[in-house]
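Engineer: Right, I'll just put the structure down here and ask away after.
Values in this text are rule-based calculations from the coordinates and carry no lab data. Given the structure is predicted, the values throughout are model-derived calculations rather than measurements. Here the Cβ is made from the backbone with ideal geometry for all residues, glycine too, and neighbour counts use every protein chain on show.
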Amino acid sequence: MDFLFFIFLSKPLWMWLVFLSIVIALMAFDLGILHKEDHEIGVAESLRLSVFYISIAIAYGGYIWWSWSSGTLVTSDGTNPVAAYFQGYLIEKVLSIDNVFVISLIFGFFAIPRKYQYRALLWGIIGVIVLRGIMIAVGAELIETYKWMTVVFAAFLIFTGLKMLFTHDAEPDISQNKLIGLVSRVFHVTKELHGHKFFVRQPHPTTNKMVLFATPLFVALVVINFADIIFAVDSVPAIFLITQDTFIVYTANIMAILGLRALYFALSALVHRFEYLQYSLAIVLIFIGMKGIYSYFYGKFNPYLSLTITFGIIFAGIFYSLWKTRGQAGDVAEHKTAD
């Protein structure tokens, strides 16, 4: 059993295996028990699921606090793991709100019924676990080898934040996504859905032999995971400027994304209410970038002060957005009733 204590990315292997086991158990419980049968998830159920996953994330943060206070968990860079975990979790969670909008566009483009969307999102976690892991491992290696990369990350975040403040990205055109064409060249793709299946066997149109076809649900899943990589370009450098402990970076990311999948159906109906949140996110990215430069040249920034500032800016943006768009809720409800 000595291999369990092998140090992998600054932590014993058993810590990584325990965390991944928790994630797999949550997915198995969700898919195998809570959502064994496909059904359309409403806002109320989405909120209940989100509360469940947020509770798990907070409980996990409590475990980090207990491990740190008892001396069994020490971060590789000497940062406070509790403040780092919750700050990273919060930033990833809020940055992902834009991702919700893109996911809804992807599902709409492929005409995926709501009753199949949640299952696809949960299976997408597998892709996230792998892809985020690769990105975080690369980021950790870059910072370990080239300490000045923290300044590069910081400058990138400041640039991104300024861009978010003064420009607005156009709505993405899913039909122009080259990944769809690539998947269609690699796989045979059916024109219609086959329930919640990602692959089916069908006769080949020319040879009439039974071959494996991907369904539009699988193509949608691939495009969603690719979109997640694009969004991770902001969130991964941001959390590396909070802590360079790979374990905290990874666990905060995955916990936030797990909960986002559950919250998707509530957020997709309300995403228009958060139009001013972009500005608070931009300020947070600029703040984290400036904090990264300060820490590189002058020493560590108070972690609890950093968490408080981040929390305050984000929730100020949320409350301001909800207040400014308070009249739109009724309009949406009337529109749905009319439909």
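Engineer: Roughly how big is the range 64-158's charge dipole about its Cα centre, with Cβ charges of +1 (Lys, Arg) and -1 (Asp, Glu), in debye to the nearest 20?
Structural biologist: In total the dipole reaches around 460 debye.
Engineer: (i) 132; (ii) 168; (iii) 141: which one is volume of the Cα convex hull per residue in Å³ as calculated from this entry?
Structural biologist: (ii)
Engineer: Also: Past 23 Å, Cα to Cα: identify those pairs from K36/K178; K36/K115; K93/K191; K147/K300, in the order given.
Structural biologist: The answer is K36/K178; K93/K191.
Engineer: Step through the residues of the range 102-107 one at a time and calculate ³J(HN,Hα) from phi using the Karplus curve (6.51 cos²θ - 1.76 cosθ + 1.60, θ = phi - 60°), rounding each to whole Hz and writing x for Gly and Pro.
Structural biologist: 5, 4, 5, 5, 5, 4
Engineer: Let me ask another. Please work out the Kirkwood hydrodynamic radius for the range 1-120, using every pair of different C-alpha atoms, and report it in angstroms with one decimal place. Kindly include the intermediate steps, with their values, before the conclusion.
Structural biologist: Numbers: mean 1/r = 0.0583 Å⁻¹.
That comes to 17.2 Å for the range 1-120.
Engineer: Can you pull the Kirkwood radius for the range 80-127, inverse mean 1/r over Cα pairs, to one decimal in Å?
Structural biologist: After inverting the pairwise mean of 1/r, the radius is 12.6 Å.
Engineer: Name the residues whose placed amide hydrogens come within less than 5 Å of the amide hydrogen of F213, ignoring near sequence neighbours (fewer than 5 apart) on the same chain.
Structural biologist: HN-HN under 5 Å from F213: V200, R201, Q202.
Engineer: Quick one: helix 149-166 against the long Cα principal axis of the chain, what's the angle to the nearest 10°, folded into 0 to 90?
Structural biologist: Helix 149-166 sits at roughly 60 degrees to that axis.
Engineer: If you put +1 on each Lys and Arg Cβ and -1 on each Asp and Glu Cβ, how big is the dipole of the chain around its Cα centre, in Debye rounded to 20?
Structural biologist: The calculation lands at about 320 debye.
Engineer: Describe numerically, in nm with one decimal, the distance between label points set 7 Å from Cα along Cα→Cβ at D77 and at S175.
Structural biologist: 4.5 nm
Engineer: Also, I was wondering about something else. What percent does the relative contact order of the chain come to when contacts are Cα pairs within less than 8 Å and at least six residues apart? Don't skip to the answer; put the middle values down first.
Structural biologist: On the way: 376 pairs, mean separation 100.7, N = 339.
Computed value for the chain: 30 percent relative contact order.
Engineer: Let me ask something additional. Which ³J(HN,Hα) values, rounded to whole Hz and listed in residue order, are derived for the range 307-313 from phi using the Karplus coefficients 6.51, -1.76 and 1.60 in 6.51 cos²θ - 1.76 cosθ + 1.60 with θ = phi - 60°, glycine and proline given as x?
Structural biologist: Coupling constants for the range 307-313: 4, 5, 5, 4, 4, x, 5 Hz.
Engineer: Nearest 10 degrees is fine. How inclined is helix 277-298 to the longest principal axis of the chain, computing both from alpha carbons?
Structural biologist: Relative to the chain, helix 277-298 is tipped by roughly 40 degrees.
Engineer: So how tilted is helix 13-29 from the main axis of the chain? Cα-based, degrees 0 to 90, rounded to 10.
Structural biologist: 40 degrees
Engineer: Rounded to the nearest 500, what is the 222 nm mean residue ellipticity of the chain from helices alone, with -39500 (n - 2.57) per DSSP H run of 4+ residues and division by all residues?
Structural biologist: So the helix-based figure for the chain works out to -24000 deg cm²/dmol.
Engineer: Right, something else. At what distance in nm do the modelled label points of F319 and E144 sit from each other, each positioned 7 Å from its Cα along Cα→Cβ?
Structural biologist: So the two model labels end up 4.2 nm from each other.
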